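None of the figures in this text is laboratory data; all of them are computed from the coordinates on show. Quantities reported herein were computed from a predicted structural model and do not represent experimental measurements. Glycine also receives a Cβ, built like all others from the backbone with ideal geometry; neighbour counts cover every protein chain displayed.
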Amino acid sequence: MLKEGYSLSYWPDEKKIYARMDHLVAREPLRIKKKAMIEYLAYFDEKCQRSKAMIEEARKCIPSGVQHNLAFNYPIPLAVAKAQGPYLYDVDGNRYVDYLQAGGPTLLGSNYLPIQEKVIEVIRDSGPVTGLFHEYEMKLAQIIKKNMPWVELYRSLASGTEADMVALRTARCFTGHSKIIKVGGAYHGWSDQLVYGLHIPQTGRFEAHGIPAECTANTQEILPNDVEGLRQLLIANQKEGGTAAVIVEPFGPESGTYPVAYDFNKQVRELCDAFGALLIFDEVVTAFRIGPGGAQGFFNIKPDLTVFGKIVSGGYPMAGGLGGRADVMSCVAAGVNPSGKPRAYVGGTLSANPMSCAAGYFAIEEIVKLDAAVKAGQNGDALANGLNWLIKKYDLPFVVWNTGSIIHFEVAGMMYMRFDDPDLARKLANNRHAVEEFGAALTSSGVITLAGSRIYTSMADTDATIQETLDAFEHIFQNIER
Ligand SMILES: Cc1ncc(COP(=O)(O)O)c(C=O)c1O
């Protein structure tokens, strides 16, 4: 363990990872042999009849039939009927080891019964929402404040996207500046101003369809780890009214798909101080998953604002919140003109409802009490080590690394593609299909991952589920076309 109470046993060497990823992206992706792929795909025809029928029906009322960006749609999306501990079960009764983890929040394992029981108790008493203050709002804020070292005040919101949006508005309200700097590739939700430089650095408005140019006019991006680029941008912004905030995913863009140097955040903090910009940590993924103090506790770096999502409602709906310095957070005080000062307008009929707050409070209490982050991190280490051993055994170019319970496994390196590559469109389609096939092969072998390139482990994984997973990977590795 690198730091007591935190899930990481090592900090990844970002230079080595970038070099291996560049090598992976430079080559055509390795594919699964045709004959093996036909067998993997046959699973969906033979064993997933009810999912198939349901999705066909859903396509008549839902665009493309699914509503989750992280759902695997190839060859068909699966309809899930049951979730328990490390497993998901589809409507045909097939069982899968669950490494999607709903996108990250279920650190205790899926559908964790002690939390479910508490939530039901709260709903029995107060219903899911009243619109008035409830004790669990305070208890959730208190437990977050107690564990996250630099959260002085906390406000519950509806999602990570909303919390990111509020963080920017608050930073602008407090500093009086407009510009926001993010790191290219990072995901901070899908609000108008933050669909900028998504997934692949330096892509600017590439994915900003339907978003007017004015909305992203004050959003800027730097390359991952580019401290000097950040300094230059801050200098340039000084001449144009200043920078309101620099927002980072503290483990690097896309939950560390682009890992950062260990001292990157410290350098960003120093630059923010020098130029009067606020530092926002987006800890939607890292808070509580990597340890009770999140990335800020792990690095011992003070952000001015922290964005929360996912775990702050224990996997139940309405997972979002903003915390930070009391003077900055005062800009988002609710009620009718509470302070008489300009405020960053924030609302939300269902935000801070008793059900979500109770779910978050009890989940965090349990995560801390049971040392869930460390246990999930040990499971992450076991799985990542096993995968690296298999990659060596079969002499494959795939890249695997982990920060505790967040495992990256790259078979095609989609996010490392170069935006200035004239062959980008063909490569994107080609590599995407390679990842889709890999994902389909894994799913038909009983393993579900996040978008085919990330694995979240939980406290509920066991030696048996990890072995089951490694066996599934090994079977696929044996069927890679050379
Ligand atoms: C780092 C980060 N920020 C923000 C978000 C957006 O959160 P939500 O999906 O709750 O809107 C996500 C979602 O995955 C995320 O990973």
On a C-alpha basis, how far is the centre of segment 345-405 from the centre of segment 422-443 in Å? Whole number, if you could? 26 Å
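Excluding Leu350 itself, what net charge comes from residues whose Cβ is under 13 Å from its Cβ, given Lys and Arg +1 and Asp and Glu -1?
Charge balance near Leu350 sits at -2.
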Residues Phe419, Phe398, sorted so that the one with the fewest Cβ neighbours within 10 Å comes first: Phe419, Phe398
Once both axes come from the Cα atoms, what is the angle between helix 113-126 and the longest principal axis of the chain, in degrees from 0 to 90, rounded to 10? 40 degrees
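What does the C-alpha gyration tensor say about the overall shape of segment 80-188? Classify as rounded when a/c is under 1.5, otherwise prolate if a/b is larger than b/c, or oblate.
oblate
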Charges at C-beta only: +1 for Lys and Arg, -1 for Asp and Glu. How large is the resulting dipole of segment 125-369 about its Cα centre, in Debye rounded to 20? 400 debye
For the chain, give the share of DSSP beta bridges that are antiparallel, in percent and rounded to the nearest 5; count only bridges with both residues there. 60 percent
Counting other beta carbons within 10 Å of each Cβ, put Ile123, Ile17 in order, fewest first. Ile123, Ile17
Return P(r) of the chain (all Cα-Cα pairs; 10 Å bins starting at 0; whole %; ordered from short to long distances). 4, 20, 30, 28, 15, 4, 0, 0
Let me know the Rg and Dmax you get for segment 1-150 when you use only its Cα atoms, in Å. 21.7, 60
Note on segment 359-421: alpha-carbon gyration tensor, axes a ≥ b ≥ c; rule is a/c under 1.5 for rounded, else prolate if a/b larger than b/c, else oblate; result oblate
Taking a ≥ b ≥ c as the square roots of the Cα gyration tensor eigenvalues, with a/c under 1.5 meaning rounded and otherwise prolate when a/b beats b/c, else oblate, which class fits segment 125-369? prolate
Which whole-number percentage describes the relative contact order of segment 125-369, with Cα contacts under 8 Å and a sequence gap of 6 or more? 29 percent
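Restricting to Cα pairs below 8 Å that are 6+ residues apart, what does the relative contact order work out to for the chain? Please round to a whole percent.
For the chain, the relative contact order is 25 percent.
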222 nm mean residue ellipticity, helices alone, for the chain (DSSP H n ≥ 4; -39,500 (n - 2.57); rounded to 500): -12500 deg cm²/dmol
By how many degrees, between 0 and 90 and to the nearest 10, does the Cα long axis of helix 424-444 differ from the longest principal axis of the chain? 70 degrees
Highest mean packing first, using Cβ neighbours within 10 angstrom, the peptides 428-435, 105-112 sort as 105-112, 428-435
Under Karplus coefficients 6.51, -1.76 and 1.60, residue-wise ³J(HN,Hα) of segment 62-77 in Hz, glycine/proline x: 10, x, 6, x, 10, 10, 10, 5, 8, 6, 7, 9, 10, x, 9, x
In this structure, among Lys3/Lys146; Lys302/Lys341; Lys33/Lys393; Lys118/Lys369; Lys82/Lys139, pairs with alpha-carbon gaps over 20 Å are Lys302/Lys341; Lys82/Lys139
Where both partners of a DSSP beta bridge lie in segment 125-369, what percent of those bridges are antiparallel, to the nearest 5? 40 percent
Cα-Cα pairs of segment 346-482 separated by more than 20 Å (percent): 56 percent
I want to make sure I understand the PRE zone here: with the label point 7 angstrom from the Cα of Thr462 toward its beta carbon, which residues in segment 422-456 have backbone N atoms less than 19 Å away? 446-448
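Below 8 Å between Cα atoms, with a sequence gap of 6+, how large is the relative contact order for segment 81-219 in percent? It would help to have the intermediate numbers written out before the result.
Working: 124 pairs, mean separation 16.4, N = 139.
The normalised contact order for segment 81-219 reaches 12 percent.
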Helix 14-26 versus the longest principal axis of the chain: what angle, 0 to 90°, nearest 10, using Cα atoms? 50 degrees
Net charge of Cβ neighbours under 10 Å - reference Val332; Lys, Arg +1; Asp, Glu -1: +3
Does anything in segment 306-323 have its amide N under 16 Å from the 7 Å Cα→Cβ label point of Ile123, and if so which residues? 313-319
Stokes-Einstein diffusion coefficient of segment 37-84, Kirkwood radius over Cα pairs, 20 °C, 1.002 mPa s, in µm²/s: 186 µm²/s
Report, in debye and to the nearest 20, how large the dipole of the chain comes out about its Cα centre when Lys and Arg carry +1 and Asp and Glu carry -1 on their Cβ. 380 debye
Let me check I've understood the local charge: for Arg95, count other residues with C-beta under 15 angstrom from its C-beta, Lys and Arg +1, Asp and Glu -1. What total comes out? -3
